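The values are calculated or read from the model by the stated rules, or taken from the named source; none is laboratory data. Not measured: the values here are computed from a predicted model. Neighbour counts run over all protein chains shown; Cβ positions are idealised from the backbone, glycine included.
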Amino acid sequence: MTLSPTLPQVQTRITVTGLTKVYPQPRAPLTALRDVTFAVREGEFCALIGPSGCGKTTLLHILAGLTTSTSGTVTLPERRPGQLPTAVVFQGISTLPWFTVQQNVEYGLRLMSVPRRARRERALQHIRQVGLLPFADAYPHQLSEGMRQRVSIARALATDPDILLMDEPFANLDEQNRLLLQDELLRIWQEHRKTVLFVTHSLDEAIRLADRVLVMSASPGHIKTEVVVPFDRPRDYRAIRQDPRYGTMSAYLWDVLREEVLRGRQV
Ligand code: ADP
Ligand code: MG
């Protein structure tokens, strides 16, 4: 008798099935998501792209528990004591201006009732990880936008979530800072191996960061296609850009996306 080889057990961290979201609106209800179905594995870095207004933020908000769905199911890991299943990093300014960097990073831990000393230590550890230790006592307005996004990342990671939800976190940054922060995020991700769902409008960013890219249709959004990104990690950006597969993938994703963007415009 031959035994079948034991495959490593890969758990699914996010399972979304038949998810629909309808916003009640004064004139007519607006269907933002229609029958969205996908799954993300434990430790996977998954990018989500789609035309503006197709429901990406809505989807992330549902996963984060910030809004409810109209129908369908979302299955996330069980909430463990002292730990939140998800943490979110939003686009633009998501730091609290009246708090210092340290207080911002401690904020989620405070909501989780982590004792003061442990809170402080955990916050400092994550502030160090994003390279902001000299700015622990600074206020957000004293920092650049890129530094503020690093504070948001530290704050999200400090709560030790199973899943990190990122909604165009680097969209407001200039190209150079975006490239630097992408590197930094990948470095941090290699250490923690959190499950990540990363919304971006940049095809390049999606290919550079993710293990898999999900493409959403124009509104009402559903998952139209997906592409597995074959590049090894740690990733070397220059090598990726020179790899012929980069061009093929990028062209394919744009073909699919372009069609949806044009369709979305006609509505
Ligand atoms: P994306 O992030 O892909 O640009 P959103 O999820 O922000 O898309 O929006 C999807 C659609 O839902 C848009 O048409 C938007 O106007 C609408 N929408 C988003 N939030 C609300 C809300 N709170 N109330 C009503 N409509 C909303
Ligand atoms: Mg959005």
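So the values come out like this:
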| item | result |
| --- | --- |
| Single condition Asp137 does not satisfy, out of (1) within 30 Å of Gly53 (Cα to Cα); (2) acidic (Asp, Glu); (3) touching a helix residue (DSSP H, G or I) at 6+ places or on another chain (Cβ under 8 Å) | (1) |
| Segment 48-84 - residue that is assigned to a loop (DSSP other than H, G, I, E, B) and of a type in the set (D, E, K, R) and, of those, farthest from ligand 1 (Cβ to nearest atom) | Arg80 |
| Selection from segment 47-94 of residues that are out of contact with any Leu (no Cβ under 8 Å at 6 or more places or on another chain), away from ligand 2 (no atom under 16 Å from the Cβ) and not acidic (Asp, Glu) | Gly65, Thr68, Thr70, Thr75, Pro77, Arg79, Arg80, Pro81, Gly82, Gln83, Leu84 |
| Hits in segment 114-131 - residues which are farther than 17 Å from His192 by Cβ and in contact (Cβ under 8 Å) with a residue 24 or more places away in the chain | Val114 |
| Pick from segment 33-45, criterion surrounded by fewer than 24 Cβ atoms within 10 Å (Cβ to Cβ) and under 14 Å from Ile223 (Cβ atoms), ranking: farthest from ligand 1 (Cβ to nearest atom) | Ala39 |
| Which numbered condition Tyr23 misses (of (1) under 27 Å from Arg122 (Cα atoms); (2) within 16 Å of ligand 1 (Cβ to nearest atom)) | (1) |
| Segment 220-253, subset of a type in the set (Gly, Ala, Ser) and at pLDDT 95 or above, residue farthest from ligand 1 (Cβ to nearest atom) | Gly247 |
| Given (1) of a type in the set (Val, Ile, Thr); (2) within 18 Å of the chain's Cα centre (by Cα); (3) within 22 Å of Gly53 (Cα to Cα), index of the condition Val229 fails | (3) |
| Which numbered condition Gly43 misses (of (1) assigned to a loop (DSSP other than H, G, I, E, B); (2) over 27 Å from Asp255 (Cα atoms); (3) within 16 Å of ligand 2 (Cβ to nearest atom)) | (3) |
| One residue from Thr73, Thr17 being surrounded by 12 or more Cβ atoms within 10 Å (Cβ to Cβ), of a type in the set (Ser, Thr, Tyr) and farther than 22 Å from His201 by Cα | Thr17 |
| Number of the exception - Ser250 against (1) without any contact (Cβ under 8 Å) to a residue 60 or more places away in the chain; (2) crowded, with 22+ Cβ neighbours inside 10 Å; (3) away from ligand 2 (no atom under 16 Å from the Cβ) | (2) |
| Selection count where residues are modelled with pLDDT of 95 or more, closer than 21 Å to Leu66 by Cβ and among the β-branched types (Val, Ile, Thr), scope segment 80-125 | 1 |
| Any hit, segment 213-232, residues being out of contact with any Ser or Thr (no Cβ under 8 Å at 6 or more places or on another chain), over 25 Å from Ala39 (Cα atoms) and among the acidic types (Asp, Glu) | no |
